[in-house]
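> Below is the structure I would like to discuss, written out as structure tokens.
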Amino acid sequence: MGFPLGGLTEVFSKVSGAFGGREGESVIGVDIGTSSIKIVQLTERHGSAILETYGEIALGPYADVDVGQAVSLSADKTAEALTDLMREANVSSKKGGFSVPLSASLITVITLPTKDKEDLGNMIPLEARKYIPVPISEVSLDWFVIPDEERSFLGSAVAERKANSTDVLLVAIRNDSLSKLEAVTKAALVTPRFYEIEPFSLGRAAYEHGTAPTMLIDLGASSSRVYVVEFGIIDISHTVNRGGQDMTLALAKSTGRTFKEAEIIKREKGLVDSEAGSNALEYIFSEARRIFLTYERKEGKAIPQVVLVGGGASLKGIKDVVARFFDVPIVLSTPFDHVSAPAFIEDTLKSAGPSLASAIGLALRALKP
């Protein structure tokens, strides 16, 4: 089942409140991952998004471990890292959007046998208990009624639905994750205008949407996410518990090097000369291929491209590895194409783009009224 990329503007209205953008106003997009924090600052001039600054900071050192390792920091330590990043990147804005990791949320579409809004309000909290694996008291729950014109893009099951039914985007976020984000932003003296679950911001910035479905593979440090997106709707969302950290560990083990040394080799040489590191990613792409083939068989539609995002997408040789698993073009995400920036840093932005896709998507939404 899928859900519309634009839905969170309304879904999170109860969490963040509405706002209006102003010409020349600067906003930030902040993506807090397991191994680093990414930030992008944009402003709007004459209807265009202008890049003002961006940056990334590793979280490993804040937990006394090596760069590249996934960590779980306290709110105070995370805020310290965010503050340092904003200073180093010369970030001036204190307001914008913040990502919520997919691991801290549940998103699904449920179908209810009514179109009466009052009935929906009573039925949804009760129905949600069937889908949420923790007590309702432990999550913040919200929902968004999907317009009828969008229902036809929600997969083959839509044909079996009754005319008087309503599709509802159900969103649940763990309260402890929201509380930690609120503590981080308060300690870092920044104001979140909204929180957004990461696939929505990725989908906004990672690639140009067309009429055919696209597979999006987000290569993170501790895990990777696989999405199938069609007509702006995420139809499949799947987490694979492997990432860039696993590749570094495999490389370190096979060569007898430390994690720090292996991480440096991985970043400098990528996958070209690293069979061990390359093999560590085979599980991710095998899973992605299984999802790819299952979707095509079930929906009767071809997926014409695979788009790579996340820090792992910037590694040398990554496209060659992924190409072994798919017979379609492999594309590296270029989210900076959505903003205006000086031509002399074009190559730098192209290299940094895949890692910053979510932060750019957050900042782009923050610019909109």
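The values are calculated or read from the model by the stated rules, or taken from the named source; none is laboratory data. Being a predicted model, the structure only gives us computed values, none of them experimental. Cβ placement follows ideal geometry from the backbone for every residue including glycine, while neighbour counts extend to all protein chains displayed.
> If the Cβ limit is 6 Å and pairs must be 6+ apart or interchain, which residue in segment 177-188 that is in contact (Cβ under 8 Å) with a residue 12 or more places away in the chain pairs with which residue that is among the β-branched types (Val, Ile, Thr)?
Going by the 6 Å Cβ cut-off, the qualifying pairs are VAL184/THR78; ALA188/THR83.
> Considering only helices (runs of 4 or more DSSP H) fully contained in segment 253-342, which possess at least 3 residues that are in contact with a Pro (Cβ under 8 Å, 6 or more places away or on another chain), at pLDDT below 90 and of a type outside the set (Ser, Thr, Tyr)?
It comes to none.
Quick grid of which residues meet (1) more than 21 Å from the chain's Cα centre (by Cα); (2) at pLDDT 95 or above:
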{"residue": "GLU44", "(1), (2)": "yes, no"}
{"residue": "GLY47", "(1), (2)": "yes, no"}
{"residue": "GLY55", "(1), (2)": "no, yes"}
{"residue": "ALA63", "(1), (2)": "yes, yes"}
{"residue": "LEU85", "(1), (2)": "no, yes"}
{"residue": "VAL91", "(1), (2)": "yes, yes"}
{"residue": "GLY96", "(1), (2)": "no, yes"}
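> From the residues in segment 234-252 that are hydrophobic (A, V, I, L, M, F, W, C) and crowded, with 24+ Cβ neighbours inside 10 Å, which one is nearest to PRO335 (Cα to Cα)?
So the residue we want is MET247.
> Further, regarding this structure: Return yes or no: is VAL184 of a type in the set (Val, Ile, Thr) and assigned to a strand (DSSP E or B)?
In short, no.
> Testing LEU189 on (1) within 22 Å of ALA313 (Cα to Cα); (2) assigned by TED's automatic domain parsing to the domain that holds LYS77; (3) in a loop (DSSP other than H, G, I, E, B), one condition comes back false. Which one is that?
Here LEU189 clears every test but (1).
> Kindly evaluate ALA89 against the criterion of being assigned by TED's automatic domain parsing to the domain that holds SER340 and surrounded by fewer than 20 Cβ atoms within 10 Å (Cβ to Cβ).
Judged against the criteria, ALA89 is a match.
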